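Presented below is the structure to which this report refers.
The values are calculated or read from the model by the stated rules, or taken from the named source; none is laboratory data. The model shown is predicted, which means the values in this text are computed figures rather than measured ones. Because the Cβ atoms are built from the backbone with ideal geometry, glycine has one as well, and the counts that use them run over all protein chains shown.
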Amino acid sequence: MNYKQLLSHLNISQLNEMQQASIDAINRTSDVQLISPTGSGKTLAFLLPITDMLNAEKQGVQAMIVVPSRELAIQIEQVFKQLKTNFKVNCCYGGHNVRIEKNSLQPAPALLIGTPGRIAYHIRNENIGTQSVQALVLDEFDKSLEFGFQEDMAYIIGKLKGLKKRILTSATTLKEIPGFVGIRQAEVLDFSAHDEELKTTLKLKTVRVAGDDKLESLLILIGKLGAQSKIVFCNHRDAVNRVHESLKTLRVAHGIYHGGMEQIDREKALIKFRNGSTNLLITTDLGARGLDIPEIEAVIHYQLPTTEDSMIHRNGRTARMHAEGTAYLLLDKHDYLPKYLTEEPEEVILPDAFIAPPPVEWRTLYIAAGKKDKVNKMDIVGMLLQKGGLQKEELGKIEVLDNSAYAAVKSNKIEGLLRLIRQEKIKNKKVKFEISD
């Protein structure tokens, strides 16, 4: 199939080498294992041939994509919708209302995307049939194993009696594929060697901490990096929260992201990071992959990752697609460089004291209406420009969720905007507006 028209909806003119090789392999064989670095474009590599397999004349779920996190499920769903195929797609995951999901599964979607636990729940409760599923994608399979989803995945695959195609993707090489997957002789596409490209554009640097207080050094480093987009990785939620409290005290705009947060709060943190309302995200390894976030200029390892794979995934958030990036390792007197690092990184000398980074250029406007209210981006753009008096360049990225929407507005304009639109309507409905802080 010529995918040119589908790609045009994403403003993509051509596929990369990995994507083309993957599509060719998926089209010619029943089982494919794709190993490729984070950020290389694996989603399109399997979505395009999956789309080609869907048949408008058939009923029921025809293809299923199983992923380790709700964020990755949402991201894949958004990409599929942008392809504008006219096939129904549904996304299900933990933390989402089960009743809403059950209702939305009638009639059944051609493509179902979701996390193992939630898909298994819908199968057990007969909210979806499995007899029509012919293609299965296990995306970020290595992460699903790491999260302990073996039992749910084995249950799901055991119910897919009509499978004709299995596609397994991972960012790192698997020592072995568990028997429950049902892959016997997969065609293996290994693009992990392309990590060498990352090494040419990624700079590793160390920050030696005097004494045991890494937090003070982290804050000084954040200040030194100024307006650069950056992610700070911690090993535990408690560390994320400690850093968060210190940054709050210093009034540094930032977001936090970890598994202990409510789903909507995690979504808001990512939305504000994407739209420039924050250029700093503090996260656990949950934020290392599977998220739709922009190019990052710097990664900071506040706590050293426990494995080389974790280091690869964290660093994969920067220096992507041939861009340059820097990873900083904070080391106190008890820390040693991981043995898998073959070169001694350059050492960075920090200033003596914290210097506050410049204020962010954007802030986020919360709008209490979304897709379920038939509100779209153009409705929001029209209202904010006409009623709010904004110029086009004063309005940034807009994201519309099911029940809410978020718009980036220039920081020096948002309070005046709020005064002008406080009583305005969207689609003839009174809507609540407020600054999302």
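Of the residues T43, T29, the single one that is hydroxyl-bearing (S, T, Y) and under 23 Å from the mean Cα position of the chain (by Cα) is T43. Just one of the listed residues (L247, L174, L204, L163) is assigned to a helix (DSSP H, G or I), among the hydrophobic types (A, V, I, L, M, F, W, C) and in contact (Cβ under 8 Å) with a residue 12 or more places away in the chain, namely L247. Is it fair to say G95 is in a loop (DSSP other than H, G, I, E, B), more than 25 Å from E262 (Cα to Cα) and either touching a residue at least 40 places away in the same chain (Cβ under 8 Å) or touching a helix residue (DSSP H, G or I) at 6+ places or on another chain (Cβ under 6 Å) (or both)? For G95, the condition - in a loop (DSSP other than H, G, I, E, B), more than 25 Å from E262 (Cα to Cα) and either touching a residue at least 40 places away in the same chain (Cβ under 8 Å) or touching a helix residue (DSSP H, G or I) at 6+ places or on another chain (Cβ under 6 Å) (or both) - is not met.
Only one entry in G158, G148 is outside any strand (DSSP E or B) and at pLDDT 95 or above, namely G158. All told, K374 meets the bar of being within 26 Å of the chain's Cα centre (by Cα) and among the charged types (D, E, K, R). Inspection of the range 98-111 finds no residue satisfying the criterion of being more than 18 Å from K161 (Cα to Cα), touching a Ser or Thr at 6+ places or on another chain (Cβ under 8 Å) and not small (G, A, S).
Cβ separations smaller than 6 Å between residues 6+ apart or across chains give the following pairs from the range 6-21 residues that are under 22 Å from A171 (Cβ atoms) to residues that are surrounded by 14 or more Cβ atoms within 10 Å (Cβ to Cβ) and modelled with pLDDT under 90: N16/G41; M18/S36; M18/S40; M18/F191; Q19/G41.
So which residues in the range 114-145 are in contact (Cβ under 8 Å) with a residue 60 or more places away in the chain and part of a loop (DSSP other than H, G, I, E, B)? Within the range 114-145, I128, G129, T130, Q131, S132, V133, Q134, D139, E140 qualify. Taking the criterion of being more than 21 Å from A63 (Cα to Cα) and in contact with a His (Cβ under 7 Å, 6 or more places away or on another chain), would at least one residue in the range 199-210 satisfy it? Taking every residue of the range 199-210 in turn, at least one turns out to be more than 21 Å from A63 (Cα to Cα) and in contact with a His (Cβ under 7 Å, 6 or more places away or on another chain).
Just one of the listed residues (G276, G325) is outside the structural domain of I74 (by TED's automatic domain parsing), modelled with pLDDT under 90, within 29 Å of I398 (Cβ to Cβ) and not β-branched (V, I, T), namely G325. Does I35 meet the test of being of a type in the set (A, V, I, L, M, F, W, C), at pLDDT 95 or above and under 21 Å from Q150 (Cβ atoms)? Spelling it out, it is not the case that I35 is of a type in the set (A, V, I, L, M, F, W, C), at pLDDT 95 or above and under 21 Å from Q150 (Cβ atoms).
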